[in-house]
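Below: one structure, written as structure tokens.
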Amino acid sequence: MKYYIVKYSGPFGFIKPWTAVRDTETFSQQFLTPSIVGGIERKLFPGLLNKPFGFYKIKGHRLSYSQMTSQQEQIQPRGWNKRKVNKRSAYVREYAILTRSVLLHPILHLAFDNRQDAEIAAQQHICLCRNEDILYPASEDPVSISIEDFNSNGEDFNGFELVFEKNEKSFLVGYNRLDNGSPMYGWLRVVGNPINTLQ
């Protein structure tokens, strides 16, 4: 069986953390969760928007990048605190600084099991999580390759892939907003060196 691979690239890519500690505790801003891949699939194929959550077109993916750069973001928590302001009681929302990472020069390969879907995808842009981080297709002509080669060729298809299965290697990667907040699990497949050398 074959895959048809579409390659996307761009200068920046942001993967939104699912908890405040996700970056520092699990360093997981380098792989795509099921809800992210499901969102990309529905952007490419809007006819899937009314279908139950699942994967209908994208059969695999691979994400690599050149490095991660830390960005600071000012946030306000949802809760209010009561304290004295000018000798009067007041409810305030404090500010905090989060450090989050952005991928530099991300490359994403999406795998489809038929050429027609791959050709449709190869004519569109995508983003990982943030609308301003646009990734463009490298070519309108998808690459045909066996599934075995896609999963073992560390030169042409290097990167991280979160395989959406629950088994002894799996770990919790978030809660799926597209599926009533159900837990998402997966295990990390690493092919070749996921960190690309800058040319």
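Bear in mind these aren't lab numbers, they're just calculated from the coordinates by the rules spelled out. These numbers were taken from a predicted model, which means no experiment stands behind them. Cβ sites come from the backbone with ideal geometry, for glycine too, and all protein chains shown count toward neighbours.
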### Task
Specify the angular offset, from 0 to 90 degrees and rounded to the nearest 10, of the alpha carbon long axis of helix 34-44 from the longest principal axis of the alpha carbons in the chain.
60 degrees
### Task
With a ≥ b ≥ c taken as the square roots of the eigenvalues of the C-alpha gyration tensor of segment 26-78, please select rounded if a/c is under 1.5 and otherwise prolate if a/b is larger than b/c or oblate if it is not?
oblate
## Note on the structure
Once the dipole of the chain is set up from charges on Cβ (+1 Lys and Arg, -1 Asp and Glu), the residue from the list LEU44, CYS129, VAL190 lying farthest towards its positive end is CYS129
### Task
Rounding to the nearest 20 debye, state how big the charge dipole of segment 75-182 is about its Cα centre with +1 on each Lys and Arg Cβ and -1 on each Asp and Glu Cβ.
2020 debye
### segment 1-140 - charge dipole about Cα centre, Lys and Arg +1 at Cβ, Asp and Glu -1, debye rounded to 20
880 debye
### Message
How big is the dipole moment of segment 61-125 about its Cα centre under a simple scheme where the beta carbon of each Lys and Arg is +1, that of each Asp and Glu is -1, and everything else is neutral? Debye, nearest 20, please.
### Response
1000 debye
### Message
Which order do the peptides 42-48, 66-72 come out in when sorted by mean C-beta neighbours inside 10 angstrom, highest first?
### Response
42-48, 66-72
### Message
Could you tell me how far the Cα centroid of segment 99-165 sits from the Cα centroid of segment 53-72, in Å?
### Response
8 Å
### Message
If neighbour count is taken as other Cβ atoms inside 10 Å, put VAL37, VAL92 in order from fewest to most.
### Response
VAL92, VAL37
### Message
Positive end of the dipole of segment 8-123, charges at C-beta (+1 Lys, Arg; -1 Asp, Glu), about the Cα centre: which of GLY54, TRP80, LEU103 has its Cα farthest in that direction?
### Response
TRP80
### Within-12-Å neighbourhood charge of TRP80 [Cβ basis; K, R +1; D, E -1]
+3
## Note on the structure
Taking every DSSP bridge whose two residues both lie in segment 1-160, the antiparallel percent to the nearest 5 is 100 percent
### Query
Sorted by mean Cβ packing within 10 Å, highest first, what order do the peptides 125-138, 165-178 take?
125-138, 165-178
